[in-house]
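Notes for the one structure printed next.
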Amino acid sequence: MRNHLQKGYYEPPMVSNECHSGRQIIYQLFHKNSSSTSPDGSGGNMSAQENIENTIKSKLTMLSDVMIKTIIKRREINRVTSRSTFKPPPRVTLTDHKRELWLHTLADTSVSLKQLSRAIPHGLRNRTLLEQCMKHQVPIQRTLWLIRCVSTNEQRQLMRKQSTVGIPGNNYNNNSTNKWVMEWTEQLTMFVENVIDSCFKPENKDIWKFNLNYTVELVGNIYSEELMFRETFLSWVVSYFSKIVDKESVTVFDFKTLSIYYVILRLFWFKVISIDYLSKELSESLLLLIAKLQELPKNPKTDILVSSLTTKFQVFIKYLFYYNSDAFIIPNRWFYLKGFLKKIIDMSNPAVSEQFKLITYRNESLTIDDSYTGDQNFDKSALVVNKFDNFTRNGSDYKELLKLIFGESLPETNHDDPNSNWKTTLKVILEWAITSNRDSSTNLQRISLISSILKMRINQISLFKHKKSRLLRSDLEIEMTEFIYDMSNILTYDRKKYDVTSPSQFDSICLDQLLILISELYSMKLFVVSTYLRRLIASGVIYLIDANKTCYIHLLILNSLPMLNDSNSKNILKRLSTSTGVQLIDKFEVDDMNEGVTLFMNRVLTDTLEETTMDNENFNYFWSIINGNDPLGFGRKNQFMNMLIERFEAGLTTVPIKLTCRSLINLYNIFSDKFTMFPRFIKQLIQFLDTQKNSQAEPTILNLGTAQLLLKLVKLNEPLLTSCGNAETNAMTEISTVITSWINNGKFHMLKAASIISIPSLLSKVTQDAPKTQDNVDCSGLTLQDINTIGITSFERLLNAAEFSHHVNQSLSQYSNVVKGFNTGLEPIVTGVLSVLKDWKPIDFENIVTLNIKKFVLPTLSLDYEMSLKFILKLIVDNFISLQTVMNLFKNSQSSNKDEFSTWSNTRLVCDILFVKRHKFQLSKNLPITIPLALTWWALLMMLFPSTL
């Protein structure tokens, strides 16, 4: 102390000479290793370039270490270790004028906060504080300082009140403080709402942008500094969005509000989705918004804004589904929102598709039975749509659906239900049939179902008395015309911009579906062309010089109909073509195409389509019509498909049918694409086969593979066949009856094919004559003579647990011989035995098959690669081993350590399995390999190279 009094106190320096530069020290550190590595190439065996690179790398590393140590040392020196002496500034009561001057001074950055901290105005709190800071354009950091000062004074006042009242304990302090922070957060949210609402008022047109930017930046800083209850604020972010979306109608003002809200949601997005209950509420609101935006009528003034908002909010939905799909457990509105979600996410990704199926199952399992109608305000339209959506699954009948739409109709009393309100319900169902917000795989099913219901209604109307019947049918025709005309105002079509492979995602109505529906209505005579033309003439659309968007739709509708013979129709079509500038695709005369179409269908039926080059040019032209997707060519395609189905029906009785896998696939490709022709085709084929004798000399169905393919096509299209019928039966029931008789009579290999292809509606009717074991294993596809052929003496020995492994390996050996081309006649028997053994013990079966591949395939893979590949493919096609098991088996094998495309490379075999070209191999006489791409490139890379990805 005496030394300090004599010489004064000063802090000792950290270094001997503070004025000394550190350049020399750092320079020495950089070059201390220069002698060991010289850039002239003398440093060992390394080249000069490598020496230079190593020197630079070592110097940069040294410089980084020096700078990091310097920063750490400076942080230690500058750290404040003494106790804080900060005290919140006291509050004083000021006049309005002085308070304005104080706030003006606060906004001036040249005035220090130390000068302002002597006192702060009383009365600046809650929302008023935020509004005054924004009004005076106070910088954000100064506003945060003022918020801290005010909040500290408020909490000190609460603590002072507690001590005055005499309430002991810290819990009361915490509760009172939390209550104040909660109220402050609510005031903050009210301030943000008020700013958003005021942005679009005329008096704020000059300052709204500053106010919005200031508010967003201020709220973001308050959140990051934890000057609020974060979860309460995030809850407001979601609830405010729900309040916007839950409005009955979306207006232009709501578009502007949504644009601002998008900025706020993007700012706090990752915080919101981390909280489960908020992410669930947010997911439902996002889907509702997309639904409302896509259902808006077209308006040139708002279409661009709607498209932009839809795209932006769809990104949120995709990210949330991939981040946490559990957020979409929303059973209350699932049936309405399911289609919109499926349209947004990437269903081509197997992982996403499987997750969507799981979410669908969980939502439907939580859905309350919609059959309850005790509530008088129950939405009938939603009930009808739900019944139609679940028609095949819930086993509803056509009469029930007909009653839901048209109510109780009593032909015997000539009385129609006056309370049915069928016009509104019918319009909803027609929109359901052509909407793009449902699974695209059910497009034909929905069209077939509504067509069946309308045919039943026509039959029901015919039972009324003549006058009443004519009146009811006229009402139905008028409603169809009105509906089609209304759709022309919703849909858009631009020939220059239209992409047939990916139409506009913002259209809730599918144009192709509408044209197919019109074709069906025209065939039922419910769409009257003369009435539609009179409506067009009355509207004046055909007289417009500059066509509007509806002209394109009317043009497509008229062009999709069969050839119009009257001059009035042709003139109107010509006018629309001229006004729109769209060149129509001319239809052809039936007589001109008759010979070529007949030859084409006969070649398909006799399986000689690809065995000759005759008329290949015409055949390619026919395939181009069948596979065409352009709406302008719909009329010609419809006309051509009608010709094909007629030639098919005629060819069944005039041509010697040779039904192979190839011919059956060609027939399916012809009659399954975007037309409701498949039920008619498959019914005619089944009925024709039923009349044939099961001759072993020249069988119509050549082998087991063809029988399996036929059953697979029936199973694949079971929902479509179920949706096509009448009040008594449907197409699936009729086909099941015929195939069941084949199975029971052992016709066309159906007994063995049915044991491989499982169709519940068929298996429930099959006569159970085959022996059953004590384990209830079904051997209906085998006979005692069959199993004796491969060396098994009885069914008891086949299903003896002690000999299970022996029988599997023995059957696999026979199976391998069949693949190699030996004893091909044993293929159905060996396949049937393996199927029985697999159904008995699936886990043990898969393990034995895997061990068999390891023992007999892997060691000889490089010696007989092609045959090994064929054997593995055959196992996968016959469902004796899963594709995933093969991937894991060959991925984990140590026979090859490098990714080489040689004959012994496992990687090559995996890639060949996944991407083998169609018809590259022939697994049986008429069964080519057609393996789908079960895994995407991403999934393939993840399995092959998990360590690098």
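The values are calculated or read from the model by the stated rules, or taken from the named source; none is laboratory data. Only a predicted model underlies this, so the values are computations on that prediction, with no experimental measurement involved. Glycine also receives a Cβ, built like all others from the backbone with ideal geometry; neighbour counts cover every protein chain displayed. Side chains included, ligands, DNA and RNA excluded: accessible areas come from the protein's heavy atoms. Shrake-Rupley method; radii C 1.70, N 1.55, O 1.52, S 1.80 Å.
Using the Cα atoms of region 811-879 to build a convex hull, what is its mean projected area in square nanometres?
On the way: hull surface 17.2 nm².
The orientation-averaged projected area of the Cα hull of region 811-879 comes to 4.3 nm².
DSSP loop (so not H, G, I, E, B), at most 15 other Cβ within 10 Å: list which trypsin sites (Lys or Arg not before Pro) in region 236-291 pass both filters.
Listed in order of number, the matching sites are LYS247.
Taking the dipole about the Cα centre of region 244-315, with the C-beta of Lys and Arg at +1 and of Asp and Glu at -1, give me whichever of LEU305, ILE290, ILE244 is farthest to the positive side.
LEU305
Stick to the Cα atoms of region 175-293, pair each with every other, and give me the Kirkwood hydrodynamic radius in Å at one decimal.
One over the average 1/r among Cα pairs gives 15.2 Å for region 175-293.
Check which residues have an amide H placed less than 5 Å from ARG91's amide H, if you skip close sequence neighbours.
Sorted by chain and number, the residues that satisfy this are ILE120.
Can you list the GluC sites (Glu not before Pro) in region 174-225 that are in a DSSP coil and have 15 or fewer other beta carbons within 10 angstrom?
On the way: sites: GLU183, GLU186, GLU193, GLU203, GLU217, GLU225; in loops: GLU225.
Answer by residue number: GLU225.
Give the long-range amide H neighbours of ILE509: residues separated by 5 or more places, or on another chain, with amide H under 5 Å away, using H modelled in the peptide plane at 1.01 Å from N.
Answer set, sorted by chain and number: SER436.
Could you rank HIS749, HIS807, HIS97 by how accessible they are, 1.4 Å probe, largest area first?
My answer, sorted largest first, is HIS97, HIS749, HIS807.
Kindly flag which residue pairs out of LYS243/LYS357; LYS399/LYS423; LYS712/LYS841 have an alpha-carbon separation exceeding 21 Å in this structure. Before the final figure, lay out each step's value.
Working: LYS243/LYS357 30 Å; LYS399/LYS423 18 Å; LYS712/LYS841 24 Å.
Violating the 21 Å limit, Cα to Cα: LYS243/LYS357; LYS712/LYS841.
Non-local amide H neighbours of THR608 (under 5 Å, H modeled in plane, Pro and chain starts lacking H): which ones?
Here the answer is none, since no amide H 5 or more places off falls under 5 Å of that of THR608.
For region 870-881, take each phi angle, set θ = phi - 60°, evaluate the Karplus expression 6.51 cos²θ - 1.76 cosθ + 1.60, and give the result in whole Hz per residue in order, putting x for glycine and proline.
5, 5, 5, 4, 4, 4, 5, 4, 7, 6, 8, 8
Ratio to report: Rg/Rh of region 637-692, with Cα atoms as the point set and Rh obtained by the Kirkwood method; give two decimals.
When Rh is taken as the Kirkwood radius, the ratio is 0.94.
Please compute the volume of the convex hull spanned by the alpha-carbon atoms of region 792-841 and report it per residue in Å³. Walk me through the intermediate numbers first.
Values: hull volume 3.4 nm³, N = 50.
Convex hull volume per residue, Cα atoms: 68 Å³.
How do the peptides 509-520, 109-120, 303-314 rank, highest first, by the average count of neighbouring beta carbon atoms within 10 Å per residue?
Highest to lowest by the protection proxy: 509-520, 303-314, 109-120.
From the protein chains alone at 1.4 Å, what is the descending order of accessible area for SER868, SER530, largest first? List each step's numbers first, then the result.
Details: SER868 10, SER530 60 Å².
In descending accessible area the options line up as SER530, SER868.
Each residue of region 109-125 in order: what ³J(HN,Hα) in whole Hz does its phi give by Karplus 6.51 cos²θ - 1.76 cosθ + 1.60, θ = phi - 60°, with x for Gly and Pro?
After applying 6.51 cos²θ - 1.76 cosθ + 1.60, I find 6, 6, 9, 6, 5, 4, 5, 7, 7, 5, 6, 10, x, 7, x, 8, 7 Hz.
Could you point to the residue in MET134, VAL192, ASN153 farthest towards the positive end of region 116-248's charge dipole, with +1 and -1 charges on the Cβ of Lys/Arg and Asp/Glu respectively?
ASN153
Along the charge dipole of region 45-102, pointing to its positive end and built from +1/-1 on Cβ of Lys, Arg, Asp and Glu, which listed residue (THR55, PRO89, MET67) has its Cα farthest out?
PRO89
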